[in-house]
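First up is the structure itself, then whatever we jot down about it.
Any read-out appearing in this document is the output of simple, stated calculations on the displayed coordinates, not a laboratory observation. Nothing here was measured: the structure is a model prediction, and the numbers come from that model. Neighbour counts are summed over all protein chains in view; Cβ atoms, including those assigned to glycine, are modelled from backbone coordinates with ideal geometry.
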Amino acid sequence: MPFYPFYSIKKFIGKIGLVLFFCFFGINLKAQDKRFEYFSDQKYADYPLITFKENFFNQPIYFIDGVKASANEVRAFMEIMPGDANDFSQTHTKTTTGTFLNLGGQAVVLGALGYAYNNRNMLNNDIVRNWFFLTIGGGVISAIGKSMNRHGVRKINNLIENHNYLISEDQIGSVYLKMDFRQNFLGEKIDIYDGPNLLDKARIRTLMQDNQEIYEEYKKALNKQKISFGLDITGLLVDIVVISYVISPQFQSSAPSNLLIPLVFANLGLNIASSQFRRSARNLTRHALHRYNFGDRALPLGRQNPIEFRGPSVTLFRKSFE
């Protein structure tokens with residue numbers, strides 16, 4: 001009998017402990033559910049738009065809601081689709097590798113040109129041959145790097161467009177414009193799609209006619225493509241002249257022409273200028289489509305207002321602007 005009260009007290013304390021445990025567990029589950037609010041019912045509350053532009057070296061510079069961000073920060077937001085996040089990370093690395101290969105190849109080409117220029121006063125066929133083969137070797141390395149970079153930028157562009165569509169699907173109208181670009185024999189062609197449908201210029205003009213400012217930006221991109229095309233044709237003609245001269249029988253039996261080095265410098269300048277016009281055309285087109293698709297949500301690109309990520313892991317976070 002004297003032990004019954006003690007037993008009852010222990011039982012009472014045990015029940016209180018059990019109640020407290022379930023209360024704590026319930027609160028924790030509620031907090032856990034709140035942490036996952038972005039992922040419930042495929043509603044991505046407050047998720048920002050991602051875009052990018054290419055810098056002088058055609059390397060992507062990323063922006064999250066108009067704020068400059070790193071590739072790791074972009075990947076963190078893209079973790080809502082883990083497969084796309086992994087693809088983005090791998091493709092960004094491939095793109096960067098391509099950029100370095102391109103720069104390395106260009107360095108070899110410039111080194112060969114410097115070698116020929118330093119020997120311009122005693123230019124002979126052997127020096128020209130050395131310059132020619134070094135230039136070919138550097139050109140091959142550069143071409144491999146450019147191809148890696150170009151394919152990487154195309155894939156990154158597609159992944160980011162898909163991400164933006166996913167988080168904004170309920171707010172987008174019946175048309176969602178996307179871009180792609182491809183290398184032609186002469187120059188580069190930028191294609192614009194509505195879903196799987198390739199649009200012609202007339203259809204694009206019809207879609208953008210309600211917003212003249214966006215259409216003017218798109219027309220600037222078209223003009224830059226035309227300039228780039230003209231520069232590419234001129235550069236090709238210079239290439240033909242230089243290569244024809246180097247492999248001609250006259251070159252084998254006479255001293256090199258004094259026009260050779262100026263032609264090479266001219267060709268190098270044409271290639272650089274054409275590349276920059278192509279890059280600018282892509283950036284303008286990408287920005288115009290971003291503004292068309294998202295309207296007022298497409299914020300101007302800048303460096304201010306750093307993004308702060310908060311959350312229990314890299315895949316669960318919030319953003320805030322200071």
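Structure data summary
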{"quantity": "Thr99, Thr206 arranged by Cβ crowding within 10 Å, fewest neighbours leading", "calculated": "Thr206, Thr99"}
{"quantity": "Simple spin-label estimate for Thr97 and Ser174 in nanometres, 7 Å along Cα-Cβ", "calculated": "4.5 nm"}
{"quantity": "Candidates per chymotrypsin sites (Phe, Trp or Tyr not before Pro) in the stretch 137-196, loop by DSSP, up to 11 other Cβ within 10 Å", "calculated": "Phe185"}
{"quantity": "Proximal charge balance of Thr206 [Cβ under 15 Å; K/R count +1, D/E count -1]", "calculated": "+1"}
{"quantity": "Net dipole in debye of the stretch 53-321 [+1 Lys, Arg Cβ; -1 Asp, Glu Cβ; about Cα centre; nearest 20]", "calculated": "380 debye"}
{"quantity": "Cα gyration tensor shape of the stretch 53-321, rounded if a/c is under 1.5, else prolate or oblate by comparing a/b with b/c", "calculated": "prolate"}
{"quantity": "Given charges at beta-carbon only (K, R positive; D, E negative), |dipole| of the stretch 108-207 in Debye", "calculated": "380 debye"}
{"quantity": "Cα lying deepest toward the dipole's positive end in the stretch 53-321, options Ile64, Leu231, Pro196, charges on Cβ", "calculated": "Leu231"}
